1. Can you go through Lys26, Lys12 and tell me which one is at pLDDT below 90, surrounded by 14 or more Cβ atoms within 10 Å (Cβ to Cβ) and part of a helix (DSSP H, G or I)?
2. What's the number of the condition Asp109 fails, among (1) of a type in the set (Asp, Glu); (2) surrounded by fewer than 19 Cβ atoms within 10 Å (Cβ to Cβ); (3) under 24 Å from Thr154 (Cβ atoms)?
3. Quick one: in the range 42-59, which of the residues that are surrounded by fewer than 14 Cβ atoms within 10 Å (Cβ to Cβ) and more than 14 Å from the chain's Cα centre (by Cα) is modelled with the highest pLDDT?
4. Would you tally the residues in the range 128-160 being at pLDDT 85 or above, under 16 Å from His53 (Cβ atoms), in a helix (DSSP H, G or I) and in contact with a helix residue (DSSP H, G or I) (Cβ under 8 Å, 6 or more places away or on another chain)?
5. State which residue pairs qualify: first residue closer than 16 Å to His53 by Cβ and inside the range 80-102, second residue outside any loop (DSSP other than H, G, I, E, B) and of a type in the set (Phe, Trp, Tyr) in any location, beta carbons under 7 Å apart, and separation of 6 or more residues or different chains.
6. For the condition out of contact with any helix residue (DSSP H, G or I) (no Cβ under 7 Å at 6 or more places or on another chain) and surrounded by 13 or more Cβ atoms within 10 Å (Cβ to Cβ), what is the one hit in Gln67, Gln85, Gln101?
7. If you check every pair at least six apart or on different chains, which have Cβ atoms under 6 Å apart with a residue in the range 144-156 that is more than 18 Å from Gly133 (Cβ to Cβ) first and a residue that is buried (at least 17 other Cβ atoms within 10 Å of the Cβ) and of a type in the set (Val, Ile, Thr) second?
8. Are any residues in the range 84-107 in a helix (DSSP H, G or I) and of a type in the set (S, T, N, Q), and if so, which ones?
Amino acid sequence: MSLYCGIACRRKSFWYFRLLSTYVAKTRYLFELKEDDDACKKAQQTGAFYLFHSLAPLLQKSGHQYQAPRHSLLELERLLAKFGQDTQRIEDSVLIGCSDQHEAWFALDLGLTSSSSQNAAIQKPEMETELKGSFTELTKALFQLNTKDASLLTMAQALLRW
């Protein structure tokens, strides 16, 4: 009986340390991205972007629920080119987190006048049509999203405001 108890305790502690190890690795990766601009630019190549317009997140309907779509750098560059915007605008994105597999997540507000380029904000109706979604006020969006997406978008909006 004590043998089984010892094995069970070891298994629990193994998973606890494994979870802790993942958290530490993720935190170190985020710290590296925050401190090193070159690493951050490299992470943008494979990362995912969440889009906002005047601090309202882009949502797409999926069945009976809404979700926050993720866009790659190539999709974002194509979208900016289509609306006559400079790709320098991507530099205004903010790092909001990463996955356990070290995929960086960024937020970019397309409705605000860019600080790094001279281009004006992109018009909301045209963007919604192109992206097949709608920019929804965050307070309304929180009730339409799952907990993970709602938490991520709330943090993204706070960082974009800052």
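1. Lys26
2. Condition not satisfied by Asp109: (2).
3. In this case the residue turns out to be Lys42.
4. Residues flagged as at pLDDT 85 or above, under 16 Å from His53 (Cβ atoms), in a helix (DSSP H, G or I) and in contact with a helix residue (DSSP H, G or I) (Cβ under 8 Å, 6 or more places away or on another chain) within the range 128-160 amount to 5.
5. Ser93/Phe49; Ser93/Phe106; Val94/Phe106
6. One residue alone meets the criteria, Gln85.
7. The qualifying pairs are Met155/Ile96.
8. At the first step, the residues of the range 84-107 found to be in a helix (DSSP H, G or I) are 87-92.
Residues satisfying the conditions are Thr87, Gln88.
The values are calculated or read from the model by the stated rules, or taken from the named source; none is laboratory data. Predicted, not measured: the structure shown is a model, and the values here were computed from it. Backbone-built Cβ (ideal geometry, glycine too); neighbour counts: all protein chains shown.
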